[in-house]
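A.B. asks: Could you have a look at this structure, given as structure tokens, before my questions?
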Ligand code: AMP
């Protein structure tokens, strides 16, 4: 099923895009939970972490490295930042297209809510 994030990939819904390559897209969250809040998504429409399989191994490695590069380019690396992947309902996922939240610019708390 097509999600909002598929529409952002296709430029049918506007977004503040900060990075794109052939495999993934990153844009600023519309409701930021930190001074920097970016969503990184694969262009492949994977619903959630729970739907990953072994053929996604290289893609997920690419996404982690890309998240680290985006954090670096946003000036977050030295102070630190948080990567979050909410998964299915108990994980707090609301858009069923896998995404990594890159959050930074403030002190994070633990445990998360
Ligand atoms: P999650 O709750 O982990 O599924 O995260 C979904 C995220 O998408 C939330 O942080 C929303 O604020 C964000 N979001 C929803 N609609 C948009 C949009 N049109 N552009 C950017 N981010 C959005």
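Since every read-out is calculated from the coordinates, none of them should be taken as a lab result. The model shown is predicted, which means the values in this text are computed figures rather than measured ones. Positions of Cβ are generated from backbone atoms using ideal geometry, with glycine treated the same way; all protein chains shown enter the neighbour counts.
A.B. asks: Looking at the stretch 38-57 only, could you name the residues that are touching a residue at least 40 places away in the same chain (Cβ under 8 Å) and either assigned to a loop (DSSP other than H, G, I, E, B) or surrounded by fewer than 20 Cβ atoms within 10 Å (Cβ to Cβ) (or both)? Walk me through it before giving the result.
C.D. replies: Taking the stretch 38-57 first, the residues touching a residue at least 40 places away in the same chain (Cβ under 8 Å) are 38-42, 45-49, 51-52.
Passing the criteria: 45, 46, 47, 48, 49, 51, 52.
A.B. asks: Which condition from (1) within 11 Å of the ligand (Cβ to nearest atom); (2) part of a helix (DSSP H, G or I); (3) touching a residue at least 24 places away in the same chain (Cβ under 8 Å) is the one that residue 33 breaks?
C.D. replies: Here residue 33 clears every test but (2).
A.B. asks: Do we find that residue 64 is surrounded by 10 or more Cβ atoms within 10 Å (Cβ to Cβ) and either part of a helix (DSSP H, G or I) or without any contact (Cβ under 8 Å) to a residue 24 or more places away in the chain (or both) in this structure?
C.D. replies: The answer is yes for residue 64.
A.B. asks: Would you please name the residue that is farthest from the chain's Cα centre (by Cα), looking only at residues in the stretch 76-88 that are more than 14 Å from the ligand (Cβ to nearest atom) and touching a residue at least 12 places away in the same chain (Cβ under 8 Å)?
C.D. replies: The residue in question is 79.
A.B. asks: Select from the stretch 90-107 the residues that are near the ligand (Cβ under 10 Å from one of its atoms), free of Cβ contacts under 8 Å to residues at least 60 places away in the same chain and surrounded by fewer than 18 Cβ atoms within 10 Å (Cβ to Cβ) and list them in ascending order.
C.D. replies: Within the stretch 90-107, 91, 92, 94 meet the criteria.
A.B. asks: Next question, about the same structure. Of all residues in the stretch 1-30, which are away from the ligand (no atom under 11 Å from the Cβ), within 30 Å of residue 79 (Cα to Cα) and not in a strand (DSSP E or B)?
C.D. replies: Matches in the stretch 1-30: 21, 22, 23.
A.B. asks: Residue 67 versus (1) within 13 Å of the ligand (Cβ to nearest atom); (2) closer than 19 Å to residue 8 by Cα: which is the lone unmet condition?
C.D. replies: Single failed check for residue 67: (1).
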